[in-house]
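Here, each number is a calculation from the coordinates, and none is a lab measurement. Computed from a prediction, not measured in an experiment: that's the story for all the values here. Backbone-built Cβ (ideal geometry, glycine too); neighbour counts: all protein chains shown.
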Amino acid sequence: MSRKPELRGRAARLARLFPAGRARQAARAPFVLLVVLLLGGGLIGLLVLNSALSEGSFKLDDLQKQTKNLTDEEQALQRDIDAYSAPDALQRRAHELGMVPGGDPVFLGPDGTVKGVPSPAALRQTTVPPAPEALGTRSAGAPAPTPTGSATATAPAASAPVTAAGPTPTPTLTPGTAPTTTPGR
């Protein structure tokens, strides 16, 4: 009973462009499926992006901890270097190696003239402060400490050098061991 009126002219041409009846509902299903797939793909993409950002955050945190640890280690090594290059540590190490303080310096001029009076270094023993890390322990080459306040041994004054007992041996020079006069060595 209800019949659609027939369209004429322009309306008929437009009506031919659109499918009629069930075809209209069938065309809606692929569109809905496309929208659902796009939304699902977007959500999965956001999930992957969020995971990558959080992984990068964890790596950054680990690298910051590693940087802090390496900075602490560098500072500790620098403190060790500073302790070993302190004047008292250098003096103690030189004494352990058997070095003695030099006398007055002698210089050579550009024309070969000697300025100053050359003399061999005097063999004398000076008081050496103990190593800070060796308080309570002795190194193999260090002399045994004497107790202070003892009735049998008296400590010498800190500013006066202690000379060895007996005659001071004169160092002998062999033909191949001439003393060097180069400053700084």
## Note on the structure
Whole-Hz Karplus couplings 3J(HN,Hα) for the stretch 31-36, θ = phi - 60° and coefficients 6.51, -1.76, 1.60, Gly and Pro as x, run 5, 5, 4, 5, 5, 5
### Query
To the nearest 0.05, how large is the calculated FRET efficiency for Asn69 and Leu37 if R₀ is 45 Å and r is the Cβ-Cβ distance?
0.40
### Query
Short version: ³J(HN,Hα) in whole Hz for each residue of the stretch 59-75, in order, from phi by Karplus 6.51 cos²θ - 1.76 cosθ + 1.60 (θ = phi - 60°), x for Gly and Pro, what are they?
5, 4, 5, 4, 5, 5, 5, 5, 5, 4, 5, 5, 5, 4, 5, 5, 5
## Note on the structure
Long-range amide H partners of Leu108, meaning residues 5 or more apart or on another chain whose placed amide H is closer than 5 Å, are Lys115
